[in-house]
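Report on the structure given below.
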Amino acid sequence: MIDILIPCKGFAAGKSRLAPVLTPDARAWLCETLLSRTLAAALAFAGRGGRVAVVSPDRVALDLASSLGALAIEDPGQGLNPSLARANFELAGAGPLIVLPIDLPRIVPAALEALVASDSEVALAPDLARTGTNALGLGRAARADFAFSFGEASFAAHAAIARARRLAVRTVADERLGFDLDTPFDLLRLSASELTL
C-alpha cells in the first residue's frame, strides 16, 4: 500500500514570495486551489489501496483534506522536515512513500508513477534548476527513518543521504513535477486553466 504525504503551510503564510504581485487573500486562495489540485491527483493515483495524508498547521487545510477523503495530520510547528518525519512515523506504513508538495500546478496522477520507487530505491524529482527536490519517492526500506532535507539545495542533500545509506537513487526528469510555483515569473508562465479546479 502506497502512502502519499502532502505538506502544506498555513494558507495565510503560503507563497510569500508572490507578495509583490498578489494580495494576502489572493495568495490564500492560490494555496487552497493548489492543495485541492494536489489532493485530487494524489487521491486518484492512490486509489482504493493507498493512503493520502496532509500535514499542516492550518485547520482549514486539514478540514479540506478530510472532506476530500485524505488523512489530516496536525503540524505542531517544528519546521517542514521534522513535521514530515513525524507524519511518516505516524503513518507507520509498510509500503512506499511519496512526499508531494502542493506548489506543482501541472501535477496529474500519471506523473506520480515514476516516483513509486522499488523496495530500496529513492526517486528524486528535481526542480527545473536541479537544485531543489520537488517530489520524493521512497521505497519500503528507504522510508524507514529517512532524513528529510527539504530546503536550499535539497536535491543534492537527498541524494547524499540516500548514498550514505547505500540506497539506489533515480532522478525523475518530468516537467510536470519540475515546474514549481515560487516566483512572480512562474505565475506568468501559467495559463488560467492551470489555476482552476
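The values are calculated or read from the model by the stated rules, or taken from the named source; none is laboratory data. None of these values were measured; they are calculated from a predicted model. For neighbour counting, all protein chains shown are included, and Cβ atoms are generated from backbone atoms with ideal geometry for every residue, glycine included.
Looking at this structure, is A61 buried (at least 22 other Cβ atoms within 10 Å of the Cβ), without any contact (Cβ under 8 Å) to a residue 60 or more places away in the chain and within 18 Å of S154 (Cα to Cα)? Don't jump to the end; show me each part of the working.
Values: buried (at least 22 other Cβ atoms within 10 Å of the Cβ): yes; without any contact (Cβ under 8 Å) to a residue 60 or more places away in the chain: yes; within 18 Å of S154 (Cα to Cα): no.
Answer is no for this residue.
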message: Exactly one of these conditions fails for P105: (1) touching a strand residue (DSSP E or B) at 6+ places or on another chain (Cβ under 8 Å); (2) over 16 Å from I2 (Cβ atoms); (3) surrounded by fewer than 22 Cβ atoms within 10 Å (Cβ to Cβ); (4) not small (G, A, S). Give me its number.
response: (1)
query: Among the residues of the range 123-140, which ones are on the phi < 0 side of the Ramachandran plot, surrounded by fewer than 16 Cβ atoms within 10 Å (Cβ to Cβ) and either aromatic (F, W, Y) or touching a residue at least 12 places away in the same chain (Cβ under 8 Å) (or both)?
result: L128, T131
- request: Scan the range 4-24 for residues that are modelled with pLDDT of 85 or more and within 22 Å of G77 (Cα to Cα) and report the count.
  value: 9
task: Taking R17 as meeting all but one of (1) part of a helix (DSSP H, G or I); (2) of a type in the set (K, R); (3) under 15 Å from the mean Cα position of the chain (by Cα), write down the number of the exception.
output: (3)
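Out of all the residues in the range 151-173, which are surrounded by 20 or more Cβ atoms within 10 Å (Cβ to Cβ), in contact (Cβ under 8 Å) with a residue 24 or more places away in the chain and under 22 Å from I107 (Cα atoms)? Walk me through it before giving the result.
Taking the range 151-173 as the starting set, the residues that turn out to be surrounded by 20 or more Cβ atoms within 10 Å (Cβ to Cβ) are 154-155, 158, 162, 172.
Among the residues that remain, those that are also in contact (Cβ under 8 Å) with a residue 24 or more places away in the chain are: 155, 158, 162, 172.
If the condition is that a residue be surrounded by 20 or more Cβ atoms within 10 Å (Cβ to Cβ), in contact (Cβ under 8 Å) with a residue 24 or more places away in the chain and under 22 Å from I107 (Cα atoms), then F155, H158, V172 are the ones that fit.
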